[in-house]
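Working notes for the structure below.
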Amino acid sequence: AEESYEDFNRKFKKVLQEVSRLGAKIPPTPRLPAIDCEEAVSRCLFVKIHRAEDVLAMDSDGFSDPFVTIRYRGLEATSTTRMKTLNPEWGEVFTFRTPPGKEELDDEDQVELMVYDRDFALNDFIGYTKLSLSGMRVSEAKPQHRREWRQLEAMPKDQESDFFDLNHMKEKLMFWEGERLVSGRIEIETWVGNRHDDEFRVAGIPRLKQVDAAAERSVAHYVEPVTALLRVEIKKGRNIMALDEDGASDPYCEVVIVDPLGVKPDKSQSTHYIDDVVDPDWDRTFNFIVAKPYSDDLVLRVYDYDGATSFDDLIGTAVIKISELAVHRGIKKPPEEKWITLLDKDGSASNAEGEAYGDVLVRAYLDEDYFEHLHGGNATGEVGRLSVDVVRASELAVPVTTFAVVKMGPYWTRLPSVENSVAPEWNQRLRYPVFEPAARVTVALFEGTATSCRFLGRVKLQLSTMEDGVRYGGEFQLMSKDPSKGDVAKTCKLHCGLQFDYHKSGALVAKKYMEPLLPDKWYFSPMQDEEKETIMKAQKEMIVQRVGNASPPLNDLVAKELLEFSKHEVNIGSIKSSIARIQRLAGGFDQLTGAMTFALSWDSILVTAMAQAYIIYLVYYPNMLMPTILLGVALYSLALFPSRYQRVLDRMVADEWLSQGLPFPPPTEEEERLKKEREEEEKKQAEEDEARKKAEAERGAREEEEERITREQEEKEATEARKKAEADAKPKLQEAFTWDSINPLASLQKQMAEVYAMITLSQNILDEVAGGAGRL
């Protein structure tokens, strides 16, 4: 019985798919090489710097301030600095993306480590070592850890930095010091893991130092950072040091997110200040968005407010590593509050006189559930798989270098650059996990290189519009805004296809639809609209920075186009787009009004008679009004079902024309061709009408000329006869004349009267239209 049910379900699903494709040209599904993007993007190379021993003393006090720089494939990461030691311990982990398409690392995969002594200006070189990763498997289920001691060496004489490095230059130029002795060793651990591993939570992210030209000719994968809400509740202070003459202070607390390496700008918020207290009660809550790995510090700074005319005095500081904060899950009680002691720059809790700086009662924690809907951080919540086929582009105006970028939820894929072609081909299938059926997939095309490019257009579609197992494909017109003219112009066509395969016959998708779109905490602990907008913009800025530091990088233009960053900025195009959407909505009401007018205007006697009969029926049976409306909605929905496939294809064409204030898309090539033919026919008809009118005018002119000659002859004879009769008869009085016959403004007054009449008529018509709309 179960097999029969599954067979019936399969046949019924096939029938529905065939019905939904009525009238649509379904292209065949091509056979393309496929890439599992989740697997490719999640593979990470981890490099852990444990410790070093017996490094060189570079400072006059017999110590060094060592730090380590790690380089791998054009990316660079830097450890923290350990002050005044020759045996530093770091215990820091750094993560690098493994080369795409490699199942095993080879001789090209080498990690370079340079140990430096931190100085005020240029840093002093301590030692160098190179670690080969050849033979390390990328796709093994259990990671292979390599932990070893490496002897520090002198900088190789043939060593050339992949990018401009002042420290490297200093070491090369200081030849007068002679052959420098190098001592010490460093302990390193390397392995290939996954971005969902626990080590990734605290791993350092490298920065791009050198764009790898070879990387632009291969498929590159990116993933948006797993973000969390950092909630900091500043409750109150205790025994805050008094800095004012009245024996108290005017304290306020500044909450700052600080990058220890100084690469990212600080993000700060402050409480209000309270006059003349030592035990202030602030009770303020601040929200920040942070991303894995949590490498930043949470810094609390308490100041004494001295007014707008002077600088505020710093009382004390507290530094908390974000990676060490508790993680709050669910909607139960958050972590407990803690008293944090304020310290000075030397780490002391009191000044030279023994006066304490004070304490601050703080509740700070990470909430990794709050933004889970933004990045799909829960890898177990997969409801289906999306296949994206990027085949080729065509009809480019001139041969150019192009590349395509696909964004699906938190996943990004950059396809290889194709140089100097009017019809670039990729022929690549990309498979992505789907965590949220309301997500949207975007395929964008760009002209240029990784560092400088131009947007050509995009195809986008919301997954909820796609049926299970149905491939939506074809050639789609791309459009982009011309920055010089400000107009939207057609650039080329993109041949691509999309297919959404549900897991468990759609049961997981249906279950997802039953859940709220946002996590529960968005409803139990909501944010204000302004704060929410700030957080969303910060999250997109974080993504722009992260993909811009990848290899190959995605520059700001690419990232902001796919993130639709303009929604968070003042943008005239967005305003025009909103107005155009309103106009498009109003266009639907115009069609409805037109249909009702047709039904009631007796343009069709049969339709109006049936409408009037139905109105009379509702007068006697008013309870049938709502069932009729619902029946009409159901019939309308059934009428639209056969065209569902084509309407999904129509939705894939991007609506860049909305930014120009156009409520409806510009005409297609077929519509333009038909319009041109229609205009040519109308022009030809107009020329024929003009020629006919001209011939008729010439014929009429000849007839008028003949009539004029005849009339003049008759008038001449009549005049002679009248003169003769007047000479014999008694003179008669002249006829009276009117004022209009000699008034030169009479004609103008007559025209003005006609204009006023036309304006009055227009006002009446507009009044009737407004009244009709109001009654409707």
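The values are calculated or read from the model by the stated rules, or taken from the named source; none is laboratory data. Please read these numbers as outputs of a predicted model, since none were measured by experiment. Positions of Cβ are backbone-derived with ideal geometry, glycine not excepted, and every protein chain shown enters the neighbour counts. Calculation scope for accessible area: heavy atoms of the full protein, side chains included, ligands and nucleic acids excluded. Shrake-Rupley method; radii C 1.70, N 1.55, O 1.52, S 1.80 Å.
Annotations for the structure displayed:
- Per residue solvent-accessible surface (Å²) - region 382-508, probe of 1.4 Å: 34 Å²
- Distance in nm between pseudo-label sites at SER452 and GLU187 (7 Å out along the Cβ direction from Cα): 4.9 nm
- Projecting the Cα positions of LEU343, ALA318, SER295 onto the charge dipole of region 272-367 (unit charges on Cβ atoms of Lys, Arg, Asp and Glu, taken about the Cα centre) puts SER295 furthest along the positive direction.
- Taken about its Cα centre, region 238-309 carries a charge dipole of about 700 debye when Lys and Arg each add +1 at the Cβ and Asp and Glu each add -1 at the Cβ.
- For region 78-126, the fraction of alpha-carbon pairs in successive 5 Å shells from zero, as %: 4, 13, 21, 18, 14, 12, 9, 6, 2
- Highest mean packing comes first when the peptides 672-678, 261-267 are listed by Cβ atoms within 10 Å, giving 261-267, 672-678.
- Of the peptides 716-724, 188-196, the ranking by mean beta-carbon count within 10 Å, highest at the top, reads 188-196, 716-724.
- For region 253-403, the dipole from Cβ point charges (+1 on Lys and Arg, -1 on Asp and Glu) about the Cα centre works out to 1120 debye, to the nearest 20.
- Cα-based shape type of region 424-543, given that a ≥ b ≥ c are square roots of the gyration tensor eigenvalues and the cut on a/c is 1.5: oblate
- Three-way shape label, region 328-439, alpha-carbon gyration tensor, a/c 1.5: oblate
- Cleavage-rule hits, chymotrypsin sites (Phe, Trp or Tyr not before Pro), region 44-143, DSSP coil, Cβ neighbours within 10 Å at most 13: PHE120
- Net charge dipole size for region 486-533 [Lys, Arg +1 and Asp, Glu -1 on Cβ; Debye, nearest 20]: 460 debye
- For region 345-404: rounded, prolate or oblate by the Cα gyration tensor [a/c cutoff 1.5]: oblate
- Portion, in percent, of the accessible area of region 424-489 that falls on carbon or sulfur, probe 1.4 Å: 42 percent
- Cross-link pairs beyond the 19 Å C-alpha cut-off, checked among LYS235/LYS264; LYS84/LYS345; LYS333/LYS537; LYS481/LYS532; LYS481/LYS560: LYS235/LYS264; LYS333/LYS537; LYS481/LYS532
- Most tightly packed first, judged by the mean number of other beta-carbon atoms within 10 Å of their residues, the peptides 229-240, 402-413, 200-211, 640-651 read 402-413, 229-240, 200-211, 640-651.
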